[in-house]
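K.L.:
Supplied in structure tokens, the structure appears directly below.
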Amino acid sequence: MARRKKRLIEKQIEVVAKKMSIFTLNDLEVLLEKPRLELIPSLEFLVSKKILKHEDNSYIFIPPKNKAIKAEEPNKQENSLVHCLPFRPKKPKEIYLRNINEMDGFVDYFFAPKYVKDRIKTMFKVIKEAQGKKGNKLKEILDKNNVSMDRYKKYKYEFTNNGLVNVLGKSTHEPGEIFYFYKEYYLSPKQLSSNDAWELAIQRFEKLIKLRLNRSKITPPKTMYGWLKQEYTTEQIEKFRNYNFSEFDTEKLFYE
């Protein structure tokens, strides 16, 4: 349902973009009568898809290139009468594990302390290098990385059978990227509230890891704002949250 609503907003923005060619976030708020919290993720998505271009305070519509579409040839196999078994046995194939997000416990990995993440990264490196190695060749790799045979077997077993669940430990720390994104959203002339900047930061991180996070595990916006006040003075925050007109090009303001 949320995705359907987001897609509807994206289509509405595209309609406005095609009509106006260039527009601002304020224009969209007025025209679509929607809050910034709903508009900004859709704008970022359209920019990533090169449908829009973001320059300073404006968004510019990028007209699609004309592409010659070849007529698809009809699938001959579909038109033919094929008699087959009610099921087809799968042929054996080697399974490659390529990404950490394919493993159980992936979300919790981002809340693990840095030393735990570093240990897991090291073990992935060792296990990858040792793939298919036995005897002296395997021992050479383990010695080179200062990893014992018992530790190697333990992590290989856990990664294979349980994912990351049993190697993360109980200590948890919030992913630093969320606070970085929070600062980026809050310290901008978009004049977002602390709550909206917090929610957008989490949504952005969720896009990176392609999973939804439990909000209760994440530092609340009031605390993040406190962290922000430790890094920046009130005057600095005001400067970042307002446009600076000192370099405005008045020469190009009027055209004869």
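The values are calculated or read from the model by the stated rules, or taken from the named source; none is laboratory data. Keep in mind it's a predicted model, so treat the numbers as computed, not measured. Don't worry about glycine lacking a Cβ; one is built from the backbone with ideal geometry, like all the others, and counts go over all protein chains shown. Ligands, DNA and RNA are excluded from the accessible area calculation, which covers all protein heavy atoms including side chains. Shrake-Rupley method; radii C 1.70, N 1.55, O 1.52, S 1.80 Å.
K.L.:
What are the residues in the stretch 225-256 that are charged (D, E, K, R), exposed (fewer than 10 other Cβ atoms within 10 Å of the Cβ) and either touching a Phe, Trp or Tyr at 6+ places or on another chain (Cβ under 7 Å) or within 30 Å of E199 (Cβ to Cβ) (or both), if any?
P.N.:
Hit for the stretch 225-256 is E235, nothing else.
K.L.:
Here is a follow-up. What are the residues in the stretch 26-36 that are in a helix (DSSP H, G or I) and open to solvent by 50 Å² or more (accessible area, probe 1.4 Å), if any?
P.N.:
Correct list: N26, D27, E29, V30, L31.
K.L.:
Please find, among R98, R151, R119, R88, the residue that is at pLDDT 80 or above, surrounded by fewer than 10 Cβ atoms within 10 Å (Cβ to Cβ) and of a type in the set (D, E, K, R).
P.N.:
R98
K.L.:
While we're here: I'd like to know if the stretch 142-155 contains one or more residues that are free of Cβ contacts under 8 Å to residues at least 60 places away in the same chain, part of a helix (DSSP H, G or I) and under 20 Å from K210 (Cα atoms).
P.N.:
No, the conditions are met nowhere in the stretch 142-155.
K.L.:
What single numbered condition from (1) among the aliphatic types (A, V, I, L, M); (2) open to solvent by less than 20 Å² (accessible area, probe 1.4 Å); (3) in a loop (DSSP other than H, G, I, E, B) fails to hold for V165?
P.N.:
Against the list (1) among the aliphatic types (A, V, I, L, M); (2) open to solvent by less than 20 Å² (accessible area, probe 1.4 Å); (3) in a loop (DSSP other than H, G, I, E, B), V165 comes up short only on (2).
K.L.:
Separate question: When the residues of the stretch 183-196 are narrowed to those that are open to solvent by less than 50 Å² (accessible area, probe 1.4 Å) and out of contact with any Leu (no Cβ under 8 Å at 6 or more places or on another chain), which ends up farthest from N57 (Cα to Cα)?
P.N.:
So, considering only residues that are open to solvent by less than 50 Å² (accessible area, probe 1.4 Å) and out of contact with any Leu (no Cβ under 8 Å at 6 or more places or on another chain), the one farthest from N57 (Cα to Cα) is S194.
Residue by residue, here is whether (1) over 19 Å from T24 (Cβ atoms); (2) not β-branched (V, I, T) holds:
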| residue | (1), (2) |
| --- | --- |
| Y185 | no, yes |
| W198 | yes, yes |
| L208 | yes, yes |
| L213 | yes, yes |
| P221 | yes, yes |
| L228 | yes, yes |
| T233 | yes, no |
| N244 | no, yes |
| F248 | no, yes |
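K.L.:
Within 22 Å of L28 (Cβ to Cβ) and either small (G, A, S) or open to solvent by 30 Å² or more (accessible area, probe 1.4 Å) (or both): is that true of K217 in this structure?
P.N.:
no
K.L.:
Quick check on my filter: what residues within the stretch 209-256 are part of a helix (DSSP H, G or I) and within 29 Å of I100 (Cα to Cα)?
P.N.:
Residues satisfying the conditions are I209, R215, S216, K217, P221, M224.
K.L.:
With (1) open to solvent by less than 20 Å² (accessible area, probe 1.4 Å); (2) in contact with a helix residue (DSSP H, G or I) (Cβ under 6 Å, 6 or more places away or on another chain); (3) within 30 Å of R3 (Cβ to Cβ) as the list, and P175 as the residue in question, which single condition is left unmet?
P.N.:
Against the list (1) open to solvent by less than 20 Å² (accessible area, probe 1.4 Å); (2) in contact with a helix residue (DSSP H, G or I) (Cβ under 6 Å, 6 or more places away or on another chain); (3) within 30 Å of R3 (Cβ to Cβ), P175 comes up short only on (2).
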